[in-house]
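The values are calculated or read from the model by the stated rules, or taken from the named source; none is laboratory data. Keep in mind the model is a prediction, meaning the values are calculated, not measured. Positions of Cβ are generated from backbone atoms using ideal geometry, with glycine treated the same way; all protein chains shown enter the neighbour counts.
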Amino acid sequence: MKVLFLDIDGVLLPFDADTPGYTGPDEHFPRSAVSALNELTMQTGCKIVLTSTWRCIECIDVPAIFKEEGISGEIIGGTPTVGARAEEIAAWLAAVSEPVESFAIIDDFDRGLSLAFPGRFVKTHPLRGLTEEETAEAARILNI
């Protein structure tokens with residue numbers, strides 16, 4: 001199984017803490033980010049594991065939002081809330097029952113991910129979100 005560990009804010013939804021009027025789940029994802037993610041999941045066959053804090057908010061139905069936004073990739077779960085994002089990804093990888101052939105991490109902040117998982121991290125610009133360039137890098141990682 002190929003796995004994509006995916007953040008939302010700053011990846012699918014361009015975001016900055018200083019962005020006035022940011023409403024999170026009420027915002028629409030840019031079509032370019034949706035297309036890039038759909039291309040990545042279709043090209044690699046990867047499954048999505050959410051790392052975003054959206055996974056922890058009860059009133060947010062991320063699979064429904066993805067469907068409404070036109071995202072076709074399959075969400076197979078979210079990382080546990082056990083600490084730093086790298087620890088959460090490591091805990092998920094340690095607990096999964098199906099063998100993970102390859103994985104990539106897409107986030108707009110490093111949070112030590114590039115050190116914890118060398119060669120697996122793809123950083124987006126938080127105000128731009130996911131682009132074709134980052135999608136190509138994630139596909140390369142997943143197809144190694």
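Residue-level check: of (1) in a strand (DSSP E or B); (2) farther than 24 Å from GLN43 by Cα, ALA86 misses just (1).
Within the stretch 134-144, identify whether any single residue is within 16 Å of LEU13 (Cα to Cα), in a helix (DSSP H, G or I) and either at pLDDT 95 or above or not charged (D, E, K, R) (or both), and answer yes or no. The answer is yes, given that some residue of the stretch 134-144 is within 16 Å of LEU13 (Cα to Cα), in a helix (DSSP H, G or I) and either at pLDDT 95 or above or not charged (D, E, K, R) (or both). From the list THR81, THR131, the one residue that fits, being surrounded by fewer than 16 Cβ atoms within 10 Å (Cβ to Cβ), of a type outside the set (Gly, Ala, Ser) and under 14 Å from SER52 (Cα atoms), is THR81.
Considering (1) under 14 Å from the mean Cα position of the chain (by Cα); (2) at pLDDT 95 or above, the lone condition that VAL62 does not fulfil carries the number (2). Selection of the stretch 26-59 for residues being under 19 Å from PRO126 (Cβ atoms), of a type outside the set (Val, Ile, Thr), modelled with pLDDT of 95 or more and in contact with an Asp or Glu (Cβ under 7 Å, 6 or more places away or on another chain) yields only ALA36. PHE103: without any contact (Cβ under 8 Å) to a residue 60 or more places away in the chain and either outside any helix (DSSP H, G or I) or surrounded by 14 or more Cβ atoms within 10 Å (Cβ to Cβ) (or both), yes or no? Answer is no for this residue. For PRO63, the conditions (1) part of a strand (DSSP E or B); (2) free of Cβ contacts under 8 Å to residues at least 24 places away in the same chain are fulfilled apart from (1).
Which of the residues belonging to the stretch 45-54 are under 19 Å from ALA138 (Cβ atoms) and crowded, with 18+ Cβ neighbours inside 10 Å? Of everything in the stretch 45-54, those that are under 19 Å from ALA138 (Cβ atoms) and crowded, with 18+ Cβ neighbours inside 10 Å turn out to be CYS46, LYS47, ILE48, VAL49, LEU50, THR51, SER52. Of GLY112, GLY73, all but one fail to be surrounded by 14 or more Cβ atoms within 10 Å (Cβ to Cβ), among the small types (Gly, Ala, Ser) and touching a residue at least 24 places away in the same chain (Cβ under 8 Å); the exception is GLY73.
Kindly evaluate TRP92 against the criterion of being part of a helix (DSSP H, G or I), at pLDDT 95 or above and surrounded by 14 or more Cβ atoms within 10 Å (Cβ to Cβ). Yes.
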